[in-house]
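Enquirer: Can you read through this structure? Questions will come right after.
None of the figures in this text is laboratory data; all of them are computed from the coordinates on show. Just so it is clear, the model here is predicted, and its values are computed rather than measured. Please note: Cβ atoms are built from the backbone with ideal geometry, for glycine as well, and neighbour counts cover all protein chains shown.
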Amino acid sequence: MTQEILVLGAGMVGTCTALELTLRGHAVTLLDRRPPGQETSYGNAGMIQREAVEPHPMPRDLPTLLTAALGLRLDMQYHFSGLLAAWPQLLGYFRASAPARFKEISRQYASLIAHCTSEHARYIDLVGAEDLIRRDGLRFMYRSAQGFETGVKDAQRLRDTYGIAFAEVDAASLSAAEPAFRIPLGGAVHWLDTWGVRDPGSLCERYAAHFQQLGGRLVTGDAATLEATANGWRAQSGAGSVSAQQVVVALGPWADTLTRRLGYRLPLMIKRGYHRHYKGGTSLNLATLDAERGYLLAPQQRGLRLTTGAEVARMDAPSTPRQLAGCEAAARELLDLGQAVEAQPWLGNRPCTADMKPIIGAAPQHRGLWFNFGHGHQGFTLGPASARLLADLMEDRTPYTDATAFSPARF
């Protein structure tokens, strides 16, 4: 049965949701204040991470917590005001990272990740985006022999538990594969099934363009104007009032503001991240995570993109150069990075939940209201898989995984 559906948010998750529902014959309007793929989906590392079967837990050992508290880690930074604002969520995050609970969370999370490349492949073929895709994997590089040994053991565990394929790359093979590296390194784990994207924002734009070619409607508007009506929902756009029987909130880091106004108190928090492109130096043959420093280098159309780890801060807090500057210095130890392309680095917000799982499903208190947000570091990876799961729920079909694990009702 055809339904009128309004999707709020044109990042990767929202765009894929709109595309999936349109492919199923529904009349869909996609609303955002900016064009598709211009916010968080633009700024990610540009990877579809099939190896990311486990989310990022909070460290629980005292040395790691202490070095993070003292600001001595590149992969984790914080603003004190951000910690104060998010302390209830951080406490929940700490509890969810306990070994037994994290094991169960990872099992559920992996059931989504298992479909990330196959669902992206369906869309990539549909929109003709093969020119943007690299299917050569992702390398976790270790500077020390001890780090490499630990990394291989963890890779073996993930392979044995989840069936994730990898290749062990010793120091000599790594040096031959990447002659641009100019310091001795311990080795690397090459995740074989992860894909790279040469321009993440462009992939989202192509999905959105195909959505429109199929008859979907893209409008500029403010999701904050959403209100319930006698027959469903309504929001205001530049083209006038937009009404629909069903509405999907896919606002990423901005979901908390709207859902709170509607009466929901979900354990959402923000982890910020930075990126910058570099040209004029040497590049890499394969996207590489500097695993002991916590940043990723990926060759893309705009240059070699350096993407940082996590910064806990308020969304509106001013940018702080320390994390990116430290990552850039570490990268320059490895290779001739060249010159920065942008005058200022990009800064974006990752929408995270205390239990590290996205929120996908029907809102408990409102008829016709659906949620699809909270994907943390993997919204770009999980956009199509999340869209398929939500569309199945909206159509009352049997989902491909246990949807209760991601339901808003779990809170």
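Enquirer: Among all the aspartates and glutamates, which ones have a C-alpha under 13 Å from residue 153's C-alpha, if same-chain residues fewer than 8 places away are not counted?
Expert: Of all the aspartates and glutamates, those that pass the test against residue 153 - Cα under 13 Å, at least 8 places apart if same chain - are 168.
Enquirer: Using only Cα atoms, tell me the angle between helix 322-334 and the longest principal axis of the chain; keep it within 0 to 90° and round to the nearest 10.
Expert: 50
Enquirer: Would you mind putting 259-266, 332-339, 283-290 in packing order, based on average other-beta-carbon counts within 10 Å, highest first? Before the final figure, lay out each step's value.
Expert: Values: 259-266: 14.6, 332-339: 16.4, 283-290: 20.5.
Sorting 259-266, 332-339, 283-290 by mean packing, highest first, produces 283-290, 332-339, 259-266.
Enquirer: Working from Cα positions, state the angle (0 to 90°, nearest 10) between the long axis of helix 200-213 and the longest principal axis of the chain.
Expert: Helix 200-213 sits at roughly 20 degrees to that axis.
Enquirer: Only helical DSSP H runs with n ≥ 4 go in: add -39500 (n - 2.57) per run for the chain, normalise by residue count and round the 222 nm mean residue ellipticity to 500 deg cm²/dmol. The partial results should precede the final answer.
Expert: Numbers: 13 runs with 142 residues, N = 411.
Estimated from H runs of four or more residues: -10500 deg cm²/dmol.
Enquirer: Need one number: nm distance between label points at residue 118 and residue 400, each 7 Å from Cα along Cα→Cβ, rounded to one decimal.
Expert: Between residue 118 and residue 400, the simple spin-label model gives 0.5 nm.
Enquirer: Give the residues of the range 19-35 whose amide nitrogen is closer than 12 Å to a point set 7 Å from the Cα of residue 257 in the direction of its Cβ.
Expert: The answer is 33-34, whose backbone nitrogens lie closer than 12 Å to the label point.
Enquirer: For labels at residue 100 and residue 222 in the simple 7 Å Cα→Cβ model, what's the distance in nm?
Expert: 4.9
Enquirer: Now, a different point. Give the residue from 185, 8, 343 lying farthest towards the positive end of the charge dipole for the chain; charges sit on Cβ (+1 for Lys and Arg, -1 for Asp and Glu) and the dipole is referred to the Cα centre.
Expert: Of the options given, the answer is 8.
Enquirer: Moving to a separate point now. Roughly how big is the chain's charge dipole about its Cα centre, with Cβ charges of +1 (Lys, Arg) and -1 (Asp, Glu), in debye to the nearest 20?
Expert: Working: 42 positive and 39 negative charges, 148 e Å.
Magnitude of the dipole: close to 700 debye.
Enquirer: So if each residue of separation counts as 0.36 nm, and I subtract the Cα-Cα distance between residue 159 and residue 172, what length gain in nm does that give? If you can, show how the numbers build up before the last one.
Expert: Numbers: separation 13, 0.36 × 13 = 4.68 nm, distance 2.36 nm.
Contour length minus Cα-Cα distance gives 2.3 nm.
Enquirer: Which one, 86, 156, 68, is farthest towards the positive end of the dipole of the range 29-173 when Lys and Arg carry +1 and Asp and Glu -1 on their Cβ?
Expert: 86
Enquirer: A follow-up question, please. So, in nm, how far is label residue 149 from label residue 315 when the simple model puts each one 7 Å beyond its Cα toward the Cβ?
Expert: So the label points at residue 149 and residue 315 sit 4.6 nm apart.
Enquirer: Could you work out which residue, out of 151, 37, 46, moves most in a Gaussian network model of the chain, that is, has the largest mean-square fluctuation with Cα springs under 10 Å?
Expert: 151
Enquirer: Share of antiparallel DSSP beta bridges in the chain, in percent to the nearest 5? Please list the in-between numbers first.
Expert: Working: 52 of 74 bridges.
Taking every DSSP beta bridge with both residues in the chain, the antiparallel ones total about 70 percent.
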